[in-house]
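Q: Handing you a structure now.
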Amino acid sequence: AGQGLIVSFGEMLIDFVPTVSGVSLAEAPGFLKAPGGAPANVAIAITRLGGKAAFVGKLGDDEFGHMLAGILKENKVSAEGVNFDKGARTALAFVTLRADGEREFMFYRNPSADMLLKPEELNLNLIKSGKIFHYGSISLIVEPCRSAHMKAMDEAKKAGALLSYDPNLRLPLWPSAEYAKEQILSIWNKADLIKVSDNELEFLTGSSKIDDESAMSLWHPNLKLLLVTLGEKGCRYYAKNFKGSVDGFPVKAVDTTGAGDSFVGSLLVKIVDDLSIIQDEAKLREVLKYACACGAITTTKKGAIPALPNHSDVLEVLKG
Ligand code: ADP
C-alpha cells in the first residue's frame, strides 16, 4: 500500500528535548537533538510505514540544515523540493516536557531559513506529481513563505491532488491569536481533508465545548473529511454522510511530540492509493484505528521522528 506520492510542505527543524520530564531544558541533566517540524514528521511517518513522500521546504546552509537533509535521505523521503538558504540559519525548537507528557516550546526563528522560501524557488514538477498535498503549521505566518505556501497549494490542487491540512497551531509563534485564527480560516475552504486537535477546535470555534455542533461549525461544502484528535481518547470523524469516533490505544505516554503527525501520516499512507476510502465509513474506521495506533506508539518514546513506528510495530499494537 501507499505507492502514490505524498508531498508534505512546510518546516523542518531540530527539537532540543530534555532527557527527563518535568523540568525545563535549562534545568535538565542532558538533552537529545531530535529532528522535527510537523510537515517533515508527516513525510517520515509515511516512508517509515512503506509509503512514498517528498518534503518541500527550506533549510539553512549550516550544520543543522545538512544534518536534516541527511535525515530525510536516511528515511527515504525525497529532498528534491528542499532549498538551502545561504544567509539564514535552520529553525530550532527548545522543548520542555511536562510531567504529564505534554510539551512546551521556545523557538529560534529570527528569521530562520524555513520562513524565507520564495514562490519562485518551488519545485513545481515535484509538487504537481503528488496524489496528496499535505501542509500546515507555521508557513502561513510571514512572507515570503506564506506566498510560497499559497502557490504550492494552488498548483497541487490544479494538478488534481487531494489537499490535506493540519493547522498545527503553535500560538506563541504568531503575532496575535486573532491573526492566527484569521489566517488559518482564510485557507480553510481549500482543503479536502482537515485534521485538528481538540484544543485547536476550541481555539477556532471560540467554544469551550468539544462536541459535534462545534466541530460541524467548521464544516465547509467542499470538505470530504474532518478529523478531531482527542489525545489518549482517540479521534472523532465527520464526513458528508456519516460521523463517529474511534477509541485511542492505552499506552504509557512519555512524550506526545509527533503524535498528531504520526496520526496524519499513517492516515495519508493508507488512503493515497484509493482516495474513495474517506467516503466509506467501514474502510475509514479501519484506517483511523491504524492511525490511532500510530499516534499512541509515537507517545511512548522521546522526540518525534525517532518515535515514529514502522508497519510491524503498528500490527503488534493492533493485535493487542
Ligand atoms: P496533536 O499531536 O495534533 O495534538 P493528539 O495529541 O490528539 O494530536 O494525538 C493524535 C493521536 O495520537 C490521537 O488521536 C491518539 O490516537 C494518539 N494519541 C495521542 N496521545 C495519546 C496518548 N497519551 N495515549 C494514546 N494515544 C495517544
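Derivation of every value follows stated rules applied to the coordinates shown; laboratory data play no part. None of the values given here were measured: they were computed from a predicted structure. All Cβ positions, glycine included, derive from the backbone under ideal geometry; neighbour counts span all protein chains shown.
Q: Would you kindly identify the strands (runs of 3 or more DSSP E) lying entirely within segment 28-104 that contain at least 2 residues that are small (G, A, S)?
A: Details: elements: 31-36, 52-60, 78-85, 92-97.
Because the criterion is at least 2 residues that are small (G, A, S), the strands (runs of 3 or more DSSP E) in segment 28-104 that meet it are 31-36, 52-60, 78-85.
Q: Suppose we filter segment 118-134 for residues that are within 21 Å of W174 (Cα to Cα) and either assigned to a helix (DSSP H, G or I) or touching a Gly at 6+ places or on another chain (Cβ under 6 Å) (or both); how many remain?
A: Count: 0.
Q: Let me ask something else about it. Can you pull out every residue in segment 277-298 that is free of Cβ contacts under 8 Å to residues at least 40 places away in the same chain, part of a helix (DSSP H, G or I) and of a type outside the set (G, A, S)? Step through it out loud before you land on a result.
A: First pass over segment 277-298, keeping only residues free of Cβ contacts under 8 Å to residues at least 40 places away in the same chain: 277, 280, 282-283, 286-287, 290.
Among the residues that remain, those that are also part of a helix (DSSP H, G or I) are: 277, 282-283, 286-287, 290.
Listed by number, the residues that qualify are I277, K283, E286, V287, Y290.
Q: Within the group K209, K301, which residue is basic (K, R), within 14 Å of the ligand (Cβ to nearest atom) and outside any helix (DSSP H, G or I)?
A: K301
This table checks each residue for (1) within 8 Å of the ligand (Cβ to nearest atom); (2) within 14 Å of K289 (Cα to Cα); (3) part of a loop (DSSP other than H, G, I, E, B).
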position: E213; (1), (2), (3): no, no, no
position: P221; (1), (2), (3): no, no, yes
position: K252; (1), (2), (3): no, no, yes
position: D255; (1), (2), (3): no, no, yes
position: G265; (1), (2), (3): no, yes, no
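Q: Among the residues of segment 113-126, what is the count of those that are touching a residue at least 40 places away in the same chain (Cβ under 8 Å) and either buried (at least 24 other Cβ atoms within 10 Å of the Cβ) or acidic (D, E) (or both)?
A: Summing the residues that are touching a residue at least 40 places away in the same chain (Cβ under 8 Å) and either buried (at least 24 other Cβ atoms within 10 Å of the Cβ) or acidic (D, E) (or both) in segment 113-126 gives 4.
Q: Taking segment 181-204 as the region of interest, how many residues are closer than 15 Å to T229 by Cα and either within 14 Å of the ligand (Cβ to nearest atom) or part of a helix (DSSP H, G or I) (or both)?
A: Within segment 181-204, the first condition is being closer than 15 Å to T229 by Cα, and the residues that meet it are 193-204.
Now drop any that are not either within 14 Å of the ligand (Cβ to nearest atom) or part of a helix (DSSP H, G or I) (or both), which leaves 194-204.
Residues in segment 181-204 being closer than 15 Å to T229 by Cα and either within 14 Å of the ligand (Cβ to nearest atom) or part of a helix (DSSP H, G or I) (or both): 11 in total.
Q: Looking at D274, D247, which is the one that is under 20 Å from H134 (Cβ atoms), without any contact (Cβ under 8 Å) to a residue 60 or more places away in the chain and either more than 10 Å from the ligand (Cβ to nearest atom) or out of contact with any Phe, Trp or Tyr (no Cβ under 7 Å at 6 or more places or on another chain) (or both)?
A: Details: D247 fails: under 20 Å from H134 (Cβ atoms).
Exactly one of D274, D247 is under 20 Å from H134 (Cβ atoms), without any contact (Cβ under 8 Å) to a residue 60 or more places away in the chain and either more than 10 Å from the ligand (Cβ to nearest atom) or out of contact with any Phe, Trp or Tyr (no Cβ under 7 Å at 6 or more places or on another chain) (or both), namely D274.
Q: Just need a number here: residues in segment 207-224 that are free of Cβ contacts under 8 Å to residues at least 12 places away in the same chain and in contact with a strand residue (DSSP E or B) (Cβ under 7 Å, 6 or more places away or on another chain).
A: 0
Q: Could we say that S164 is assigned to a loop (DSSP other than H, G, I, E, B) and of a type outside the set (D, E) here?
A: no
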